[in-house]
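Peer 1: Can you keep this structure in mind? I'll have questions shortly.
The values are calculated or read from the model by the stated rules, or taken from the named source; none is laboratory data. Since this is a predicted model, take the numbers as computed values, not measurements. Glycine also receives a Cβ, built like all others from the backbone with ideal geometry; neighbour counts cover every protein chain displayed. Accessible surface is based on the protein model in full, side chains and every heavy atom, while ligands, DNA and RNA are left aside. Shrake-Rupley method; radii C 1.70, N 1.55, O 1.52, S 1.80 Å.
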Amino acid sequence: MAKVVLLSGSPKKNGNTMQIMMECEKTIQENGLETEIISLAGKKIDACIACRKCTELKKCVLDDGLNEILEKVKEAEGFIIGAPVYFGTARGDLMNVIQRIGMVSYGTDRFLSWKVGGPIAIARRGGLSTTYQEMLMFYFINEMIVPGSTYWNIVFGKAPGEALEDKEGVETVKRFAGNVAKLIKKING
């Protein structure tokens, strides 16, 4: 069965980002695909050190839990990233994760190419569009396929649970998640 990995980039285990990822997960499962949510809560993923050893090892040389995430992404057909916004942009540790996954993919067999997915930005107020665009660059440079929705994948909320009150945002990301699942099914025949 085709699988979609959803990455919650929040340090909060049950915050708005995780809650939005869970809404997407339900929609993807309703469309007949398997899912797995990975949370960065409690993890400390370092920045890429540009050693390029990944081209030889086929994984990252840093031993901080990134390779476990990388293997799950490699095996999946879809990859959705939930990015909480801090000071107007995506969190640094989330960028560490996707940059290192991108480096391993680029330096090996380009396993990210043709995976279906996209970003979702979650914030109290500002920086949503910037974060969404920043995340899109990761998808496009890795030859990934990003389906649309009825609006950009942004959701407003500060305190845990507030994001679920953004009805338009929730409906937008659920439609996006459904489009990810439908496109994967279409590609897989």
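Peer 1: Tabulate in residue order the Karplus-calculated ³J(HN,Hα) for the stretch 120-130, using 6.51 cos²θ - 1.76 cosθ + 1.60 with θ = phi - 60°, rounded to whole Hz; enter x for Gly and Pro.
Peer 2: 10, 10, 10, 7, 5, 8, x, x, 5, 5, 4
Peer 1: Provide the percentage of antiparallel DSSP beta bridges, counting only those with both residues in the chain; round to the nearest 5.
Peer 2: The antiparallel proportion sits near 10 percent.
Peer 1: Moving to a separate point now. Of the heavy-atom accessible surface of the stretch 51-189 (probe 1.4 angstrom), what whole percent is carbon and sulfur?
Peer 2: C and S fraction of accessible area: 53 percent.
Peer 1: At 1.4 Å probe size, with every protein chain present, just tell me what the per residue accessible area of the chain comes to in Å².
Peer 2: Accessible area per residue, the chain: 48 Å².
Peer 1: List, largest first, the extents of the alpha carbons of the stretch 113-189 along their principal axes, each in whole Å.
Peer 2: Taking the Cα atoms of the stretch 113-189, the three principal extents are 40, 23, 19 Å.
Peer 1: Please list, in order along the stretch 155-168, the HN-Hα scalar couplings obtained from phi with the Karplus expression 6.51 cos²θ - 1.76 cosθ + 1.60 (θ = phi - 60°), rounded to whole Hz, x for Gly and Pro.
Peer 2: 3J(HN,Hα) across the stretch 155-168, in whole Hz: 9, 9, x, 10, 5, x, x, 5, 4, 5, 7, 7, 4, 5.
Peer 1: For CYS51, CYS24, what's the largest-to-smallest order of accessible area, 1.4 Å probe?
Peer 2: The most accessible residue leads, giving CYS51, CYS24.
Peer 1: If you don't mind, there's one more thing I want to ask. What nm value, rounded to one decimal, do you get for the distance between GLU71 and GLU171 when each label is placed 7 Å out toward the C-beta?
Peer 2: 4.2
Peer 1: Mean 1/r over all different Cα pairs, inverted: what Kirkwood radius does the chain give, in Å?
Peer 2: Kirkwood hydrodynamic radius for the chain: 16.3 Å.
Peer 1: Straight distance only, please: which aspartates and glutamates reach the Cα of LYS167 with their own Cα at less than 14 Å, same-chain residues fewer than 8 apart left out?
Peer 2: GLU23
Peer 1: Sticking with this one: Taking only the Cα atoms of the stretch 4-64, how large is their convex hull per residue, in Å³?
Peer 2: So the per-residue hull volume is 99 Å³.
Peer 1: At what distance in angstrom do the alpha carbon centres of the stretch 1-60 and the stretch 99-115 lie from each other?
Peer 2: Between the Cα centre of the stretch 1-60 and that of the stretch 99-115, the gap is 15 Å.
Peer 1: So what are the ³J(HN,Hα) numbers for the stretch 179-189, from phi and the Karplus equation (6.51, -1.76, 1.60; θ = phi - 60°), rounded to whole Hz, Gly and Pro as x?
Peer 2: 5, 4, 4, 4, 5, 4, 4, 5, 5, 7, x
Peer 1: Report the extension gain between MET1 and THR150 in nm, rounded to one decimal, defined as 0.36 nm multiplied by the number of residues separating them, less their alpha carbon distance.
Peer 2: Contour length minus Cα-Cα distance gives 50.9 nm.
Peer 1: Could you compute how fast the stretch 47-131 diffuses translationally, taking Rh as the Kirkwood radius over C-alpha pairs and applying Stokes-Einstein at 10 °C with viscosity 1.306 mPa s? Give it in µm² per second.
Peer 2: 116
Peer 1: Additional query: When the chain is fully extended, how far beyond the present Cα-Cα distance does LYS186 get from GLN99, taking 0.36 nm per residue of separation?
Peer 2: Full extension from LYS186 to GLN99 adds 28.5 nm.
Peer 1: Then there's this: Taking H placed 1.01 Å from N in the peptide plane, check which residues at least 5 places from LYS12 or on another chain put their amide H under 5 Å from its amide H.
Peer 2: For LYS12, whose amide H was placed from the backbone, there are no distant partners under 5 Å.
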